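The values are calculated or read from the model by the stated rules, or taken from the named source; none is laboratory data. Bear in mind the structure is a predicted one, so any value in this text is a computation, not a measurement. Methodologically, a virtual Cβ is constructed for each residue, glycine included, from the backbone with ideal geometry; neighbour enumeration extends over all protein chains shown.
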Amino acid sequence: MKALIPTGDPAEPVVLADVPEPTPGPDEALVKVEAFSINRGETFRLERPAAGDRPGKDIAGLVVQPAADGSGPAGATRVVGHPMAGGWAEYAAVPTSALAPLPDAIAAVEGAALPLAGLTALRLLDSSGPLHGRQVLLTGASGGVGHYVTELASAAGARITAVTRDAERGARLAELGAEAVVHEVADARGPFDLVLESTGGQALPLALSRLARRGTLIWFGQASRTPATLDFFDFFAGPESAVIRHFHYLDADTSLAADLATLVRLTAGGRLHPEIGRVADWAETATALTDLRDRRIRGKAVLTLS
């Protein structure tokens, strides 16, 4: 079968190659991939790929061989999946614990845009506690996670201030429910009960300074790729007794399959809207990866298999 494999070359990070078709384990289904999405974090990993790396975490397609242990979707079921690797290929072996049925009302392109960004947003907000009436600051709001967080949190009653440098993206975030949109963290008016921080660098201490006393800052990314430095005494300038927490989307009490099903249900019901900035044939994946890395794509980039 054909699959995309890393090259280590930033100008052309992946190429199509012939590889063996995967052999599913007992609890894995074989999925014929119809579409997959790419994530900015994956572009960073492709800069220094390990031997044998097979990227790809967000897919939509058709089950052509159900799991041998009887778990998960039956054959010929349309699905959305979140394998840990190997999704940028004609076929992928996916644990049934990371698969959810995809109704006909949702196109494969939409389904492929859901997993990583949607799971991150859903689980991030679940870990944040009650949202109704809380003032929330969201940094790095321009990406797929930011759009999902804004829509889900505002629907739950949160008052969102979103940080984005792009005016067009800011307008869309306002449509999705953001109460305020600013272009720099320094322009955000606090104090905030909750800060969701994904930029790192100088943005994190600035965001902390906008946090209310006994508030919570959840650190879930470092898009700037710049380490953050915090001063203990900064807490006495306002966010006394504040809590700073690290978040990783795989550390959750619910299964991937259950949360994927939730994302599918919300999308089918018109309560969640994948923001797709580019759809292209998978032969153009290398170009899409460099454009995503260099922030030339708004929203998710989805590649389709002809």
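One line per residue, one yes/no per condition, for (1) outside the structural domain of Pro73 (by TED's automatic domain parsing); (2) surrounded by 14 or more Cβ atoms within 10 Å (Cβ to Cβ); (3) within 16 Å of Leu303 (Cα to Cα):
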site: Asp9; (1), (2), (3): no, no, no
site: Pro13; (1), (2), (3): no, yes, yes
site: Asp27; (1), (2), (3): no, yes, no
site: Glu42; (1), (2), (3): no, yes, yes
site: Arg45; (1), (2), (3): no, yes, no
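Of a type in the set (Val, Ile, Thr), within 16 Å of the chain's Cα centre (by Cα) and modelled with pLDDT of 95 or more: is that true of Ile106 in this structure? So Ile106 does not fit the description; no.
Out of Val33, Val63, Val15, one residue alone is assigned to a strand (DSSP E or B), over 18 Å from the mean Cα position of the chain (by Cα) and either closer than 30 Å to Ser224 by Cβ or among the basic types (Lys, Arg) (or both). It is Val15. The condition (being modelled with pLDDT of 95 or more, touching a His at 6+ places or on another chain (Cβ under 9 Å) and either closer than 27 Å to Leu208 by Cα or not in a strand (DSSP E or B) (or both)) is satisfied by just one residue among Leu250, Leu289, Leu260, Leu266: Leu260. Filtering Pro6, Pro101 for residues that are over 22 Å from Gly118 (Cα atoms) and of a type outside the set (S, T, N, Q) leaves a single hit, Pro6.
Yes/no per residue for (1) free of Cβ contacts under 8 Å to residues at least 60 places away in the same chain; (2) under 18 Å from Val33 (Cβ atoms):
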position	(1), (2)
Ser71	yes, no
Ala89	no, yes
Asp126	no, no
Glu175	yes, no
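Here are Ala268, Ala242: which of them is out of contact with any Pro (no Cβ under 8 Å at 6 or more places or on another chain) and either surrounded by 17 or more Cβ atoms within 10 Å (Cβ to Cβ) or not assigned by TED's automatic domain parsing to the domain that holds Leu176 (or both)? None of the other options fit; the residue is Ala242. Within segment 105-123, restricting attention to residues that are over 13 Å from Val302 (Cα atoms) and among the β-branched types (Val, Ile, Thr), the residue that is surrounded by the most Cβ atoms within 10 Å (Cβ to Cβ) is Thr120. Residues of segment 168-225 that are among the aliphatic types (A, V, I, L, M), more than 23 Å from Thr120 (Cα to Cα) and touching a Phe, Trp or Tyr at 6+ places or on another chain (Cβ under 9 Å): Ala212 alone. Filtering segment 201-220 to residues that are outside any helix (DSSP H, G or I) and surrounded by fewer than 19 Cβ atoms within 10 Å (Cβ to Cβ) leaves Gly201, Gln202, Ala212, Arg213, Arg214, Ile218. The set of residues in segment 131-176 that are aliphatic (A, V, I, L, M), buried (at least 18 other Cβ atoms within 10 Å of the Cβ) and in a loop (DSSP other than H, G, I, E, B) comprises Leu131, Ala141, Ala158, Leu176.
The listed residues are Glu168, Glu179, Glu175, and the only one of them that is of a type in the set (Asp, Glu), modelled with pLDDT under 95 and either closer than 19 Å to Arg245 by Cα or not assigned by TED's automatic domain parsing to the domain that holds Thr262 (or both) turns out to be Glu168.
Criterion first (part of a strand (DSSP E or B) and of a type in the set (Val, Ile, Thr)) does Val80 satisfy it? Criteria met by Val80. Restricting attention to segment 249-260, the residues being surrounded by 17 or more Cβ atoms within 10 Å (Cβ to Cβ) and either closer than 16 Å to Pro73 by Cβ or touching a Leu at 6+ places or on another chain (Cβ under 8 Å) (or both) number 5.
Can you say whether Val80 is modelled with pLDDT of 95 or more and crowded, with 23+ Cβ neighbours inside 10 Å, as far as the supplied structure shows? Spelling it out, Val80 is indeed modelled with pLDDT of 95 or more and crowded, with 23+ Cβ neighbours inside 10 Å.
Here Asp193 meets each of (1) surrounded by fewer than 18 Cβ atoms within 10 Å (Cβ to Cβ); (2) modelled with pLDDT of 95 or more with one exception, condition (1).
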